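Enquirer: So that we are looking at the same thing, I have put the structure below in C-alpha cells.
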C-alpha cells in the first residue's frame, strides 16, 4: 500500500482525482448505491465531532459497510492508561478494517498513523489533526462551491479564526489547485491571521490573495463568504474570551451584511457556529451552510468507495 491510498492533506489530490470524486458524489447524491458488505470502517475520534463522524458513519452505512465507532477515544480508550497513538493504530490495524477515520488533537497525527499502518492494508483518513488539516471537509466545501457558484475566476472571502482553523487552511490549498484565477481574501483580526506557511504556498503557486481586517469592504463583489468560529479548544481561556468578544463585535454576520452581498453569492460555514452568523440569516437562500453539511455524506461515500476499490488518491 502506498501513501496515496490514505487521505491526509488537501495538497495530495490532483485535479483529475478531485473531478472523479465529485462525479461519484453527484451520482450518490442522485440516489446511486453500492454494496460493500464485506468492508469495515473504524471511526476513532479523540476530539468531539457531530458532522464529520455522523456523515462518515452514514456514508459507510449507505455503502453497506460495517462500522465500529468511538466518539471519545480520549476518555474511552486505552489512551487514558497512557497508550500511545502508534500502539493504538497497530492494534486496530490488526483487526483488519479497510479504513480508520481518525480525529486527533495533535497536528500530524494522521501522518503518524499512516506510517504505522503501512503494510497492513488499512487506509487512514484524516478527520482533523489539531490545527493542521481537515481534507475531507475541504473536499466537501469545494464540492459545495462548484455546485452552487462554479469553479473559475471566483472571489472567495475566508474569515474568522484563520490561525487555528484547519478547515480554512485546507480549503485554501484546494482552491489554489483547482482555480488558477481564484482571488482569495483572508479576513481576521491580527491575533487570528493566517499562518505564513499557507501564504508562502499561495505565493509560490501564483495565487492572488490579500489580507484584510474589515469584513464589510469584502462583501460586495465576493462569490463566496466562508466564515469560521474562534477555536475555543486551541486557545487559552483568557485569550479566548477576549478574541470571541472581538469577533462577535466586529465580525458577526447579520442580515445587514447579506444586503451587501451579490444575489448569487453564498455564505458558508463548516459549523458549529458560536454566534458569528446570526440565526436570522438562515432563511436567506444564500445561506448555504446546512446544504454544505449535507454534502458531506455523498462526498464521503465517494472517498470510502475509492478506498474499498483500491483506487489511489492521486
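The values are calculated or read from the model by the stated rules, or taken from the named source; none is laboratory data. Computed from a predicted model, the values in this text were never measured in an experiment. Positions of Cβ are backbone-derived with ideal geometry, glycine not excepted, and every protein chain shown enters the neighbour counts.
Enquirer: Is one or more of the residues making up the range 100-111 surrounded by fewer than 24 Cβ atoms within 10 Å (Cβ to Cβ), part of a strand (DSSP E or B) and touching a residue at least 40 places away in the same chain (Cβ under 8 Å)?
Expert: Within the range 100-111 (the criterion being surrounded by fewer than 24 Cβ atoms within 10 Å (Cβ to Cβ), part of a strand (DSSP E or B) and touching a residue at least 40 places away in the same chain (Cβ under 8 Å)), the answer is no, since none of the residues qualifies.
Enquirer: Test residue 163 against the stated conditions and say whether it is assigned to a helix (DSSP H, G or I) and either closer than 20 Å to residue 17 by Cα or at pLDDT below 90 (or both).
Expert: So residue 163 does not fit the description; no.
Enquirer: A further question on this structure: Checking residue 36 against (1) over 20 Å from residue 140 (Cα atoms); (2) assigned to a strand (DSSP E or B); (3) touching a residue at least 40 places away in the same chain (Cβ under 8 Å), only one condition comes out false. Which one?
Expert: (2)
Enquirer: Related question: Please state which of the following conditions residue 250 fails to meet, knowing it meets all the rest: (1) in contact (Cβ under 8 Å) with a residue 60 or more places away in the chain; (2) surrounded by 14 or more Cβ atoms within 10 Å (Cβ to Cβ).
Expert: Going through the list (1) in contact (Cβ under 8 Å) with a residue 60 or more places away in the chain; (2) surrounded by 14 or more Cβ atoms within 10 Å (Cβ to Cβ), residue 250 breaks only (2).
Enquirer: Is it true that some residue in the range 261-269 is modelled with pLDDT under 95 and over 30 Å from residue 14 (Cα atoms)?
Expert: no
Enquirer: Determine whether the range 66-79 contains at least one residue that is modelled with pLDDT of 95 or more, out of contact with any helix residue (DSSP H, G or I) (no Cβ under 7 Å at 6 or more places or on another chain) and crowded, with 16+ Cβ neighbours inside 10 Å.
Expert: Among the residues of the range 66-79, not one is modelled with pLDDT of 95 or more, out of contact with any helix residue (DSSP H, G or I) (no Cβ under 7 Å at 6 or more places or on another chain) and crowded, with 16+ Cβ neighbours inside 10 Å, which makes the answer no.
Enquirer: Which ones in the range 33-62 are surrounded by 14 or more Cβ atoms within 10 Å (Cβ to Cβ), over 19 Å from the mean Cα position of the chain (by Cα) and modelled with pLDDT under 95?
Expert: 34
Enquirer: Out of (1) surrounded by fewer than 24 Cβ atoms within 10 Å (Cβ to Cβ); (2) part of a helix (DSSP H, G or I), what's the single condition that is false for residue 170?
Expert: (1)
Enquirer: Would you mind finding the one in 239, 282 that is assigned by TED's automatic domain parsing to the domain that holds residue 172 and farther than 19 Å from residue 145 by Cα?
Expert: Numbers: 282 fails: farther than 19 Å from residue 145 by Cα.
That would be 239, the only listed residue that is assigned by TED's automatic domain parsing to the domain that holds residue 172 and farther than 19 Å from residue 145 by Cα.
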